[in-house]
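First up is the structure itself, then whatever we jot down about it.
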Amino acid sequence: MTSTAADTAAGMSQRSEAQRRVLAVLVSSQILSGAGLAAGITVGALLAQDMLGSTDLAGLPSALFTAGSALAAVTIGRISQARGRRPGLAAGYLTGAVGSAGVIAAAVARSPVLLFVALFVYGAGTATNLQARYAGADLAAPAHRARAVSTVLVATTLGGVVGPNLAAPTGTLADHLGIPALAGPFLLAGVAYALAALVLAVWLRPDPLLLARSLDVQRPTQTRAAKTRGPGLIPGALTMILTQLVMVAIMTMTPVHMHDHGHGTAASGLVIAIHVGAMYLPSPLTGWLVDRHGPTLVAAASGLTLLAAGSTAAAAPVDSVAVLALALALLGLGWNLGLVSGTAMITDAVPLATRARTQGMVDVSIAVAGATGGLSSGLVVAAAGFPVLALTGGVLALAVLPAITVSASSR
């Protein structure tokens, strides 16, 4: 075996061993952060509605923590670009924990202004949870990148499903502590985000992005990763932006819609838990489909699935938790298909030298789309009702199809 071949084999072995460790650490942190992520989804809109006494701005919390995630995404991307994934992700989760504490303080003080500021800061946890998927792909072989991304995403399922179902128990705990019951889930979020930050800061070694760059430099020039941007960047970003916009808009107003028709926190928590499970649980299958059949086909499936979700939610009887749960499950699945396929397009298109910074900027666009969906959702429901919001979102999701058609034609 030549020296070059031996070095290449050693690099591949080092990459494979490090990838296994990185995925194990990321899975652990994602399980914790999933619980924190679900808290704001479950009761954020209800808390704002309670404090403001109006449905019109019930979508504002979702808009704020997704807007906060936009700022966090670009910051995490820049920190990761300069210093690696470990400090970027740990700082993001720690900021989310601070935001959770601020929400609790706002609820105790009955201060809407403090609530909105705290929700903005809390959004850093959402951005970090999404950015972690890129860390899972840094060391993955190109043929297995989507499955690596999916492994990180599916780990969020456990915390994401358990978190909403703890809305009632954490509300009871909060009440015993003299905190408004609706702020209870943010007690869980603060602890979960802080623990996720600790896990990453201590155990995410070697840093996947820094190691990937080091190994890439050591490879022969003709086999190094591409140094120029590929054609999948724009279609991948558009796919994730559209799916995020539709998903956040419908998801945000579902608990409010259920509350307005007599359903309790436990029922809305169950529906959101099913939704979050559908967002992340199908990830291994989605990753396999992307690696096997390509991201374009899976992105198209995301648009059609979101249309089915919106149509089902619009037609759901107001007293049927089961039909709403089905609609939200389809909504989560459509989002998953779009996120995994879009992430694969982005990762394949961007060279290692600028990968983290570009990924951060893409996630800013995704967060802005989520903020737009969250903010507009309350206004649409107040003006025209939840069924109109759901159906409009489903139809809008079909805009994914021309985006990926452009991608397919440019390959």
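Under 20 Å from residue 316 (Cβ atoms), part of a helix (DSSP H, G or I) and not β-branched (Val, Ile, Thr): does that describe residue 396?
Numbers: under 20 Å from residue 316 (Cβ atoms): yes; part of a helix (DSSP H, G or I): yes; not β-branched (Val, Ile, Thr): yes.
Yes; evaluated as a whole, the condition is true for this residue.
Only residues in region 68-80 that are in contact (Cβ under 8 Å) with a residue 40 or more places away in the chain count as the first member; pair them with residues that are among the aromatic types (Phe, Trp, Tyr), Cβ under 7 angstrom, at least 6 apart or cross-chain, and list the lot.
Hits for this filter: 68/120; 68/122.
Starting from region 382-411, take each residue that is modelled with pLDDT of 90 or more and list its partners that are among the basic types (Lys, Arg), counting only C-beta distances under 9 angstrom and pairs at least six apart or across chains.
Matching pairs, first to second residue: none at all.
Name the residues in region 154-182 that are among the hydrophobic types (A, V, I, L, M, F, W, C) and in contact with a Pro (Cβ under 9 Å, 6 or more places away or on another chain), would you? Please lay out each step first, then the result.
So the first thing to find is which residues in region 154-182 are among the hydrophobic types (A, V, I, L, M, F, W, C), and the list is 154-155, 158, 161-162, 166-168, 173-174, 177, 179, 181-182.
Result: 154, 166, 167, 174.
Determine whether residue 115 is at pLDDT below 90, over 17 Å from the mean Cα position of the chain (by Cα) and buried (at least 18 other Cβ atoms within 10 Å of the Cβ). Working first, answer last.
On the way: at pLDDT below 90: yes; over 17 Å from the mean Cα position of the chain (by Cα): yes; buried (at least 18 other Cβ atoms within 10 Å of the Cβ): yes.
So residue 115 passes the test.
Could you list, in sequence order, the residues of region 346-359 that are touching a Ser or Thr at 6+ places or on another chain (Cβ under 7 Å) and assigned to a helix (DSSP H, G or I)?
Answer for region 346-359, where residues must be touching a Ser or Thr at 6+ places or on another chain (Cβ under 7 Å) and assigned to a helix (DSSP H, G or I): just 356.
With surrounded by fewer than 24 Cβ atoms within 10 Å (Cβ to Cβ), out of contact with any Pro (no Cβ under 7 Å at 6 or more places or on another chain) and of a type in the set (Ser, Thr, Tyr) as the only criterion, which of 377, 365 stands out? Steps first, answer last, please.
Working: 377 fails: surrounded by fewer than 24 Cβ atoms within 10 Å (Cβ to Cβ).
So the residue among 377, 365 that is surrounded by fewer than 24 Cβ atoms within 10 Å (Cβ to Cβ), out of contact with any Pro (no Cβ under 7 Å at 6 or more places or on another chain) and of a type in the set (Ser, Thr, Tyr) is 365.
Could you say which residue among 271, 256, 276, 290 is closer than 19 Å to residue 380 by Cβ and touching a Ser or Thr at 6+ places or on another chain (Cβ under 9 Å)?
256
Considering each of 72, 101 in turn, give the residue that is over 16 Å from the mean Cα position of the chain (by Cα) and assigned to a helix (DSSP H, G or I).
On the way: 72 fails: over 16 Å from the mean Cα position of the chain (by Cα).
Answer to the check: 101.
Looking at 130, 187, 166, 211, can you tell me which residue is over 21 Å from residue 49 (Cα atoms) and surrounded by fewer than 24 Cβ atoms within 10 Å (Cβ to Cβ)? Talk me through it step by step, then tell me what you get.
Numbers: 130 fails: surrounded by fewer than 24 Cβ atoms within 10 Å (Cβ to Cβ); 187 fails: over 21 Å from residue 49 (Cα atoms); 166 fails: over 21 Å from residue 49 (Cα atoms).
After ruling out the rest, the residue left standing is 211.
Which residues, counting only those in region 334-357, are surrounded by 19 or more Cβ atoms within 10 Å (Cβ to Cβ), at pLDDT below 90 and among the hydroxyl-bearing types (Ser, Thr, Tyr)?
347
To keep it simple, each residue is scored yes or no on (1) without any contact (Cβ under 8 Å) to a residue 24 or more places away in the chain; (2) part of a loop (DSSP other than H, G, I, E, B); (3) within 20 Å of residue 204 (Cβ to Cβ).
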| site | (1), (2), (3) |
| --- | --- |
| 108 | no, no, no |
| 114 | yes, no, no |
| 117 | yes, no, no |
| 124 | no, no, yes |
| 130 | no, no, yes |
| 133 | no, no, yes |
| 136 | no, no, yes |
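Which residue is farthest from residue 96 (Cα to Cα), if the candidates are limited to region 152-205 and must be at pLDDT below 90 and hydroxyl-bearing (Ser, Thr, Tyr)?
The qualifying residue farthest from residue 96 (Cα to Cα) is 172.
In the set 90, 106, 67, which member is at pLDDT 90 or above, surrounded by fewer than 24 Cβ atoms within 10 Å (Cβ to Cβ) and more than 15 Å from residue 186 (Cα to Cα)?
None of the other options fit; the residue is 90.
Taking only pairs six or more apart or across chains, which ones have beta-carbon atoms under 7 Å, a first residue in region 152-177 that is touching a residue at least 12 places away in the same chain (Cβ under 8 Å), and a second residue that is of a type in the set (Phe, Trp, Tyr)?
Close Cβ pairs satisfying both conditions: 153/280; 154/280; 156/280; 157/280; 160/280.
Go through region 108-135 and give me each residue that's more than 15 Å from residue 64 (Cβ to Cβ) and aliphatic (A, V, I, L, M). Reasoning before the result, please.
Taking region 108-135 as the starting set, the residues that turn out to be more than 15 Å from residue 64 (Cβ to Cβ) are 108-110, 128-135.
Within region 108-135, 108, 109, 130, 132, 135 qualify.
With respect to residue 329, determine if the residue is over 20 Å from the mean Cα position of the chain (by Cα), assigned to a helix (DSSP H, G or I) and not charged (D, E, K, R).
no
Name the residues in region 71-87 that are of a type in the set (Ser, Thr, Tyr) and either touching a Cys at 6+ places or on another chain (Cβ under 7 Å) or surrounded by fewer than 24 Cβ atoms within 10 Å (Cβ to Cβ) (or both), would you? Give the derivation first.
First, the residues of region 71-87 that are of a type in the set (Ser, Thr, Tyr): 75, 80.
75 - this is the single residue of region 71-87 that is of a type in the set (Ser, Thr, Tyr) and either touching a Cys at 6+ places or on another chain (Cβ under 7 Å) or surrounded by fewer than 24 Cβ atoms within 10 Å (Cβ to Cβ) (or both).
The values are calculated or read from the model by the stated rules, or taken from the named source; none is laboratory data. None of the values given here were measured: they were computed from a predicted structure. Positions of Cβ are backbone-derived with ideal geometry, glycine not excepted, and every protein chain shown enters the neighbour counts.
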